[in-house]
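Chemist: Before I ask anything, here is the structure I am working with.
The values are calculated or read from the model by the stated rules, or taken from the named source; none is laboratory data. Nothing here was measured: the structure is a model prediction, and the numbers come from that model. All Cβ positions, even for glycine, are placed from backbone atoms using ideal geometry, and neighbour counts span all protein chains on display. The area values use the complete protein model at the heavy-atom level, side chains included, leaving out ligands, DNA and RNA. Shrake-Rupley method; radii C 1.70, N 1.55, O 1.52, S 1.80 Å.
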Amino acid sequence: MTTSIPAAALSRAGPLGLFAPLFRRLLDRIDAGLASGGIDVSLPDGTRRLLGGRAPGPAARVEIRDWRALWRLAVGGSAGWYVAWSRGEWSSPDPVALFELFGRNRHALGEIGRSRGLARLAKKIFHQLRGNSRAGARRNIEAHYDLGNDFYAAWLDPTRSYSSALFVDADERLEIAQHRKLAAMLERTATQPGDQILEIGCGWGSFAAFAAAAGRRVHAITLSNEQQAAVAAQGLEGVTVALSDYRDVAGQFDAVVSIEMVEAVGQAYWPTYLAAIAEALRPGGRAALQYIAIDDAIYDSYAANVDFVQTYVFPGGMLLSERRFRALAEAAGFDWIDQRDFGEDYANTLKRWRAAFDEAVDREALPARFDRQFIDLWRYYLMYCEGGFRGGGLQVSQVTLIKR
């Protein structure tokens, strides 16, 4: 439903108002792709329109203040849509609802939200230049995780876990749900006190500390200087921490744990990552993985593109195709067992992080080196990811791999 265009609308809409008919065709495509939920849209020419609204689902409100927002979406996909938001070309009282809506309608919406033409080609080339070779992986990890231990400490829970918690009750404290996640990962290893675990991608040491308290010995590796220093400073008994690439691990272990690290590996290196785990495990050993996957039905479109997160937040990042990754794991000699999906828990985790992040901003607890543009980017990132999990396009899972 579209309201009538008021007089002198084009002059109020600015020079791009001349192309309003083309932008309305994009809105028509979005409207046709919304099988559930809807968007109440205010347009630059003063009109309003309801997109979707034919079946129950998320209800989003968006004010498009400048036609350039739709141009950026059409050409730059999700990365362009972020740029438009950062420049005030569109706003919403709850962007999470919008991202959830797009996630829930991901199949019907198709390529809407993906970059096109030369913009797609340029982004893809740039992304490939940031691939996860040994040198590239270190640069990419440093760009995200070496923002500073003081930055992450300002808004993560006391365990300093930067991965999804596992909730029983959505209202329980995040720290409790994080401990449950750590316990579930340790249980998957089937190890006993005195056994040695290799942790690939140790973060700030939450799992290493938990496992050490249960009597395990842990060799933790990371490519982040900040994380390596933070874990070493804890002086955990039975824990060693090294600045090391997973491809350079020597020796064998009773178990391997890797919590949301494989997203930093890249599809081209999945076989190498799995081979490194197999090499590190003794026969019959177990690997416990927690990973983020994108809906297999849209994976090819995702992989052919470079999205907002890859462009602005996590260089070199790549979500899993569960089907493809599982096939590679089984071909590498693993049995894939006891998979557990808990995407809603990640949405809840992200909501808690955003609340803590906002609180840290309000009390000026973030390091002074981060300006408003950076703060706004990270808040958008947390909302974008929360909406993706709520919409079902993203999933977080735990799985046990047993070396045959």
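Chemist: Once amide H atoms are placed 1.01 Å from N in the peptide plane, what residues at a sequence separation of 5 or more from residue 239, or on another chain, have their amide H within under 5 Å of its amide H?
Modeler: Residues meeting the amide H criterion: 218.
Chemist: Next question, about the same structure. Ranked from highest to lowest mean number of other Cβ atoms within 10 Å per residue, what is the order of the peptides 61-67, 235-241, 96-102, 395-401?
Modeler: Descending packing order for the listed peptides: 96-102, 395-401, 61-67, 235-241.
Chemist: What residues have an amide H closer than 5 Å to that of residue 199, excluding those fewer than 5 places away on the same chain, when H is modeled at 1.01 Å from N in the peptide plane?
Modeler: Amide H to amide H, under 5 Å and 5 or more residues apart or across chains, residue 199 pairs with 219, 220, 221, 257.
Chemist: Ignoring everything except DSSP H segments at least 4 long, calculate the 222 nm mean residue ellipticity for the chain; use -39,500 (n - 2.57) per segment, divide by total residues, nearest 500.
Modeler: One gets -14000 deg cm²/dmol as the mean residue ellipticity at 222 nm.
Chemist: Heavy-atom accessible area per residue, the chain, 1.4 Å probe: how many Å²?
Modeler: Averaged over the residues of the chain, the accessible area is 42 Å².
Chemist: With θ taken as phi - 60° and the coefficients 6.51, -1.76 and 1.60, list the Karplus ³J(HN,Hα) couplings across the stretch 324-334 in order, rounded to whole Hz; mark glycine and proline as x.
Modeler: 5, 5, 4, 4, 5, 5, 5, 5, 7, x, 10
Chemist: Let me ask another. How large is ³J(HN,Hα), in whole Hz, for each residue of the stretch 173-184 in order, when computed from phi with the Karplus curve 6.51 cos²θ - 1.76 cosθ + 1.60 and θ = phi - 60°, using x for Gly and Pro?
Modeler: Karplus-based 3J(HN,Hα) across the stretch 173-184 equals 4, 4, 4, 5, 5, 5, 4, 5, 4, 4, 5, 5 Hz.
Chemist: Using only Cα atoms, what is the ratio of the radius of gyration of the chain to 2.2 N^0.38 Å?
Modeler: 1.04
Chemist: Right, here's the next one. Enumerate the calculated ³J(HN,Hα) couplings along the stretch 251-264 in order (Karplus 6.51 cos²θ - 1.76 cosθ + 1.60, θ = phi - 60°), each rounded to whole Hz, writing x wherever the residue is Gly or Pro.
Modeler: Once rounded to whole Hz, the list reads x, 10, 9, 6, 7, 10, 10, 9, 10, 6, 9, 5, 5, 9.
Chemist: Check residue 253: other-chain or 5+ apart residues with amide H under 5 Å from its amide H, H built from backbone geometry?
Modeler: 281, 282
Chemist: If you don't mind, another one. So, in Å, what gap is there between the alpha-carbon centers of the stretch 44-116 and the stretch 289-303?
Modeler: For the stretch 44-116 versus the stretch 289-303, the Cα centre distance is 22 Å.
Chemist: Now, a different point. How many angstrom separate the Cα center of the stretch 346-371 from the Cα center of the stretch 195-246?
Modeler: Cα centroid of the stretch 346-371 versus Cα centroid of the stretch 195-246: 25 Å apart.
Chemist: So if I place +1 on the C-beta of Lys and Arg and -1 on the C-beta of Asp and Glu, and nothing else carries charge, what would the dipole magnitude of the chain be about its Cα centre? I want it in debye, nearest 20.
Modeler: 1260
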